[in-house]
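Scroll down for the structure; my scribbles are underneath it.
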Amino acid sequence: MLAGRHFILQNSLFIHNLGEPPIRRPNRAPPVAAKDGPRTNDEIRNAQIQLIDQHGVNLGPTETVVAVKMAMDAGMDLVEISPNNNPPVCKIMDYGKYKYSAQKKAAEARKKQKIVEIKEIKLRPMIDDHDYDVKMRAMLRFFEEGDKVKITLRYRGREMAHQEIGTKLLDKVKAAVADVAKVEQDARFEGRQVVMVLAPR
């Protein structure tokens, strides 16, 4: 009899649990994307700021709501230019023009950035004077353009028995460009050739 009551009680608890609505976890708001650029207008958090008007005049500490209204009345924006100051420094300006100008300057700066390349000059231990002069002019032009130069001196056959000739040639090259270039990688053997890298000063 007791076993029967226990079975009925278990069944009633099981039915009760099935009838309960599922537990819902609270919805989490998606992460707020970081703002690209300075805070403007109502995004400025501080109640008071250091205000510079559209003419560059420092108006001193000003309530943010007042400064935003002044910017709106002038048809402009209130832009936070120094957020780490206490209070932060804000300026009334045309933010659209300011952002366009900043993007244009950044694009021009990227164009002016020089990508350093490594140019290769191949030499032979027994190079004649004409070829040497041609190679040196090319090397100096590379340095003027801001590029590095990899000098490859290749030995053939019996030339390996006279490595001092190649060493003197590399020393001659280093001395000739000493005013405009420095040794970044000293001469070292790679198989039957010697490699040296020079970089512009």
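The values are calculated or read from the model by the stated rules, or taken from the named source; none is laboratory data. Predicted, not measured: the structure shown is a model, and the values here were computed from it. Here the Cβ is made from the backbone with ideal geometry for all residues, glycine too, and neighbour counts use every protein chain on show.
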Original post:
Taking interchain pairs and intrachain pairs at least six residues apart, which have beta carbon atoms under 6 angstrom, with the first residue in region 31-59 and farther than 23 Å from residue 102 by Cα and the second in a loop (DSSP other than H, G, I, E, B) and modelled with pLDDT of 90 or more?
Top reply: 46/87; 46/88; 48/87; 49/87; 49/88; 59/53
**OP:** Of all residues in region 156-181, count the ones that are touching a helix residue (DSSP H, G or I) at 6+ places or on another chain (Cβ under 9 Å) and either assigned to a helix (DSSP H, G or I) or surrounded by fewer than 15 Cβ atoms within 10 Å (Cβ to Cβ) (or both).
**Re:** 8
Subject >> Complete set of residues in region 182-199 that are buried (at least 16 other Cβ atoms within 10 Å of the Cβ) and touching a helix residue (DSSP H, G or I) at 6+ places or on another chain (Cβ under 8 Å) >> reply: 187, 194, 196, 198
Subject >> Conditions (1) under 30 Å from residue 61 (Cα atoms); (2) under 25 Å from the mean Cα position of the chain (by Cα); number of the one not met by residue 92 >> reply: (2)
**OP:** Determine if region 172-186 includes at least one residue that is in contact (Cβ under 8 Å) with a residue 60 or more places away in the chain and farther than 30 Å from residue 78 by Cβ.
**Re:** no
Subject >> Test: residue in region 89-101 that is touching a residue at least 12 places away in the same chain (Cβ under 8 Å), of a type in the set (Lys, Arg) and within 30 Å of residue 64 (Cα to Cα) >> reply: yes
Subject >> residue 68 in contact (Cβ under 8 Å) with a residue 40 or more places away in the chain and in contact with a strand residue (DSSP E or B) (Cβ under 6 Å, 6 or more places away or on another chain) >> reply: no
